[in-house]
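Structure first, then comments.
Every number in this text was worked out from the coordinates using simple rules, so none of it is lab data. Here the structure is a predicted model, which means the values were calculated and not measured. Using ideal geometry, Cβ is built from the backbone for each residue, glycine included, and neighbour counts are taken over all protein chains shown.
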Amino acid sequence: MTKVVLSMSMSLDGIAGPGVPDEDGMALFEEILGWVFPLRSWRTQQGMAGGEDSVDSTVWQENFDRFGPQVIGRRMFDSGYPSWGENPPFHAPVFVATHRGQDTIVKEGGTSYTFVTGGLAAAVEQARAVADGKDVLLAGGVSIAHQALEAGLAEEVVLHVVPRLAGRGLRLFDTARADLRCTEVIEGEGALHLRYEVR
């Protein structure tokens, strides 16, 4: 049965994204997500050769295989779209929760971007409708995470916690409230991987 899963990387002090998309923000982004860049599984998804075979790489591959459609926010789309290219790494339908609608964009490799103006719940509903037995990934950014937890849309939370104190940026759980039960802990080389059931 399809689950809606919030999955994000974060620092030890709870930072999951930059406050503003400036140069410092990009450095912070690399601090938080840098654990994935050397992984063989991640590099393969980007069309690159080589990479590390590790616990982290296995976790990343298992998550990639598990998820079908993804839901992201407009800010994440606007900042990432130019670098995602003609064959983006999603290989699945992506639903962009936004106030600014536009026509669906279809890319190579099974990726399409559908712009949903009816709110996050509507984007999640559309993603569920095409999940075909896979789980729906709420991929970010931080605003999407807050909205999903406040609205009770996420059934599971998967965190990849990197061993860094960021000291700046947007906190993943700054305002969100949820009753979580830990169901899995995996110690990787670059991150601690935690899975929680939302009760």
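The trypsin sites (Lys or Arg not before Pro) of the stretch 13-105 that meet both conditions, a loop assignment by DSSP and at most 16 other Cβ atoms within 10 Å of the site Cβ, are Arg100.
Among the GluC sites (Glu not before Pro) within the stretch 49-117, those in coil by DSSP and having at most 10 neighbouring Cβ atoms inside 10 Å are Glu86.
Charged side chains reduced to their Cβ positions (Lys and Arg at +1, Asp and Glu at -1) give the chain a dipole of some 440 debye around its Cα centre. The Cα-based radius of gyration of the stretch 4-198, divided by its Kirkwood radius, gives an Rg/Rh of 0.93.
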